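To start, the structure itself, in structure tokens.
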Amino acid sequence: MKPVDLLVKAEFLYTVSEGMPIISDGEVAVIDSRIVYAGPAMPAGHWDPKTILGGPGKIVLPGFVNCHSHAASLIFRSQTDDHSAKAALLDVAFRMEKDITEADWSLLGALGCADMLLSGITTINDIWYSPDTLIESVLQSGLRAQIANKVFDVKLEELRNGDYTHHPSIGEARLRRGVEFVEKWHGAADGRISGRIGTHATDTCSSALLKEARYEANRLGVGMHIHAAQSAAETDHIKSVFGCGPVEYLRDIGMLSSDVVLAHLVFAQEADFNAMVSCNASYAHCPTIYPRRGRYPEFEKIIAKGIKTGFATDWMLNDPFEGMRYAINAMRLRLGTPTAMTCDQALRYQTMGAAEVLGLENDIGSLEVGKKADMIVIDINQPHLQPYYGSYAAFVYYARASDITDSVIDGKVVMRERQLSGLDHKATLEKLQNRLPPWRSQLSALGSPAVYGPGCDCCGLI
């Protein structure tokens, strides 16, 4: 018998390796943090495992990789879903974010990390406020994470008035905090934690700030993370000032390179796509947010150009199954054919594709010998999943985040039978209830028509 630390057994195993095989009666064996076997089940008695997960009625696949996230953005749930991209950002988020306390960001970050794990996400690439509080929850939860502080030098709350005045002191302070975070945490937790320099967007950072951020990323040896062409307002501003598209602009000032992750590209044009190709930059595609805004990126062009692409959740709805379904349906509607995107392709974008975007493809994204043991177990003994025939469509189209029972990251079981080992999300939820009245009050004062209950200036109906 061969001793192993962990043996994960599956009625169906989806390794997302070359050829996208589907293995009936499979298993994954782990020693320390690495996979030592992934394939058909070995004869009984072959392994001597310390821990066993899975079994009949369970499927196993790589943990989902979320290549663009805002874990603590949950505060805006239901507050921007009926807005345009411009209104969601300028009228709601940017005006309220400035008044959120570090304690609140800590609470929201903890809840966001729990939400990620419960949804089958094992890796996040997060850009937001207060990375120093988010890292606490990341470490406790066991998540794999790349984290960046949100760097900008405009007053975000003034953008709704068309005020793009750049304030060097704001930019310098936010960049310094981001640099200090990277210097302290990059490579921590045996490499499970990475840092990035996170310039917020092409229109919220001056050219000088973007160039300085690029310099610091090069000095630190880390990648960058930025929103680009996410709204018409941003794209129009860059066009009016610099005479080109947002991604062209990043290339022209020397910021764009192979270590940059760009989110969205909703309003990107052909020249922007070509700029990405010329610099080998990567794309984080967030399929659940675009239909809400009424405009979908030209995904087919992005793929046709060979741009490295992975799926991400963006903010508030952290369910990769929903994301994969949104992406498949959007592409089939865009191109008018049921073969525009297949279920196995969607799964690859949510795992290996996203891992490639983050430069982690040699460690995560598939279940192969030598890779890090990041995987999830799904219970298929559910009315909405049966009869279960084993194809990719069987779970991509029908599974829910709540079907995930177990999660393994770095060879450690971080969730078992939907119980998180490192975070007490029920206690976090209780604390959150005490913060709802002031949050409702803040949103109401900003004119939100979608908030009710104690603390808001509304009719009082719930």
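The values are calculated or read from the model by the stated rules, or taken from the named source; none is laboratory data. From a predicted model like this one, the values you see are computed outputs, not experimental measurements. Cβ atoms come from the backbone with ideal geometry, glycine included; neighbour counts cover every protein chain shown. Note: accessible area is taken over every heavy atom of the protein model, side chains too, but ligands, DNA and RNA are not part of it. Shrake-Rupley method; radii C 1.70, N 1.55, O 1.52, S 1.80 Å.
Being part of a helix (DSSP H, G or I), more than 17 Å from A217 (Cα to Cα) and open to solvent by less than 10 Å² (accessible area, probe 1.4 Å) is true for just one of L175, L111, L139, L117. Which residue is that? Break it down stepwise before answering.
On the way: L175 fails: more than 17 Å from A217 (Cα to Cα); L111 fails: open to solvent by less than 10 Å² (accessible area, probe 1.4 Å); L139 fails: open to solvent by less than 10 Å² (accessible area, probe 1.4 Å).
Result of the check over L175, L111, L139, L117: L117.
Across the range 146-172, what is the total count of residues that are of a type in the set (S, T, N, Q) and part of a helix (DSSP H, G or I)?
Kept after step one, since they are of a type in the set (S, T, N, Q), are these residues of the range 146-172: 146, 149, 161, 165, 169.
This time we only want the ones that are part of a helix (DSSP H, G or I), so: 161, 169.
Number satisfying all stated conditions: 2.
Residue by residue, here is whether (1) in contact with a Leu (Cβ under 8 Å, 6 or more places away or on another chain); (2) among the hydrophobic types (A, V, I, L, M, F, W, C) holds:
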position: P297; (1), (2): yes, no
position: A330; (1), (2): no, yes
position: G336; (1), (2): no, no
position: T351; (1), (2): yes, no
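Filter the range 286-320 for residues that are aromatic (F, W, Y), touching a Phe, Trp or Tyr at 6+ places or on another chain (Cβ under 7 Å) and farther than 15 Å from I124 by Cα; which is surrounded by the most Cβ atoms within 10 Å (Cβ to Cβ)?
Checking each candidate, the answer is Y290.
Is there any pair with a first residue in the range 242-255 that is free of Cβ contacts under 8 Å to residues at least 60 places away in the same chain and under 12 Å from A271 (Cα atoms) and a second that is in a helix (DSSP H, G or I) and among the polar types (S, T, N, Q) whose Cβ atoms are under 8 Å apart and which are 6 or more apart or on different chains, and what are they?
Correct list of pairs: G245/T235; P246/T235; R251/S278.
Taking into account only those residues within the range 120-136 that are among the β-branched types (V, I, T) and assigned to a helix (DSSP H, G or I), which is most open to solvent (accessible area, probe 1.4 Å)?
Here is the first cut: in the range 120-136, the residues among the β-branched types (V, I, T) are 121-124, 127, 133, 135.
Now drop any that are not assigned to a helix (DSSP H, G or I), which leaves 133, 135.
Numbers: T133: 19, I135: 2 Å².
Among those that are among the β-branched types (V, I, T) and assigned to a helix (DSSP H, G or I), it is T133.
State which residue is most open to solvent (accessible area, probe 1.4 Å) when the search covers only the range 74-100 and only residues that are closer than 23 Å to T428 by Cα and of a type in the set (D, E). It would help to see each step written out before you state the result.
First, the residues of the range 74-100 that are closer than 23 Å to T428 by Cα: 74-79, 93, 96-100.
Filter once more, keeping what is of a type in the set (D, E): 97, 99.
On the way: E97: 6, D99: 82 Å².
Step by step, filter the range 74-100, then rank; the result is D99.
Determine the pairs where a residue that is at negative phi and polar (S, T, N, Q), located within the range 122-136, has a partner that is in a strand (DSSP E or B) and surrounded by fewer than 24 Cβ atoms within 10 Å (Cβ to Cβ) with Cβ atoms under 9 Å apart, the partner being 6 or more residues away or on another chain.
Pairs found: T122/V414; N125/S194.
Among the β-branched types (V, I, T) and open to solvent by 10 Å² or more (accessible area, probe 1.4 Å): which single residue out of V277, V377 fits that description? Even if it seems obvious, please write down each step before you answer.
Working: V377 fails: open to solvent by 10 Å² or more (accessible area, probe 1.4 Å).
Answer to the check: V277.
For the range 386-412, what are the residues that are in a strand (DSSP E or B) and either of a type in the set (S, T, N, Q) or surrounded by fewer than 20 Cβ atoms within 10 Å (Cβ to Cβ) (or both)? It would help to see each step written out before you state the result.
Taking the range 386-412 and keeping what is in a strand (DSSP E or B), we get 404-409, 412.
T405, S407, K412 - these are the residues of the range 386-412 that are in a strand (DSSP E or B) and either of a type in the set (S, T, N, Q) or surrounded by fewer than 20 Cβ atoms within 10 Å (Cβ to Cβ) (or both).
Looking only at the range 442-462, filter to residues that are at pLDDT 80 or above and either among the acidic types (D, E) or not in a loop (DSSP other than H, G, I, E, B) (or both); which one of those is most open to solvent (accessible area, probe 1.4 Å)?
Restricting to residues being at pLDDT 80 or above and either among the acidic types (D, E) or not in a loop (DSSP other than H, G, I, E, B) (or both), the top hit is A445.
Can you tell me which residue is surrounded by the fewest Cβ atoms within 10 Å (Cβ to Cβ) among those in the range 417-440 that are over 25 Å from M96 (Cβ atoms) and of a type in the set (K, R)?
Filtering the range 417-440 for residues that are over 25 Å from M96 (Cβ atoms) and of a type in the set (K, R), the one surrounded by the fewest Cβ atoms within 10 Å (Cβ to Cβ) comes out as K426.
Within the range 114-134, how many residues are touching a Gly at 6+ places or on another chain (Cβ under 9 Å) and more than 19 Å from G365 (Cα to Cα)?
Result for the range 114-134: 6.
Take the residues in the range 186-205 that are surrounded by 19 or more Cβ atoms within 10 Å (Cβ to Cβ) and more than 19 Å from the chain's Cα centre (by Cα), then tell me which one is nearest to E356 (Cα to Cα).
Here the answer is T202.
Considering only strands (runs of 3 or more DSSP E) fully contained in the range 9-87, which possess at least 3 residues that are of a type in the set (S, T, N, Q)?
Working: elements: 22-31, 34-40, 47-62, 64-69.
By residue number, no strands (runs of 3 or more DSSP E) qualify.
Take the residues in the range 138-163 that are of a type outside the set (D, E, K, R) and at pLDDT below 95, then tell me which one is nearest to the chain's Cα centre (by Cα). Before you say what the answer is, go through the steps one by one.
First, pick out the residues of the range 138-163 that are of a type outside the set (D, E, K, R): 138-143, 145-149, 151-152, 154, 156, 159, 161-162.
Narrowing the set further to residues that are at pLDDT below 95 leaves 159, 161-162.
Details: L159: 26, N161: 30, G162: 29 Å.
My answer is L159.
What pairs come up if the first residue lies in the range 80-97 and is at pLDDT 85 or above and among the aromatic types (F, W, Y), the second is open to solvent by 30 Å² or more (accessible area, probe 1.4 Å) and outside any loop (DSSP other than H, G, I, E, B), and their beta carbons are under 8 Å apart, counting only those six or more places apart or on different chains?
Close Cβ pairs satisfying both conditions: F94/E157; F94/R160.
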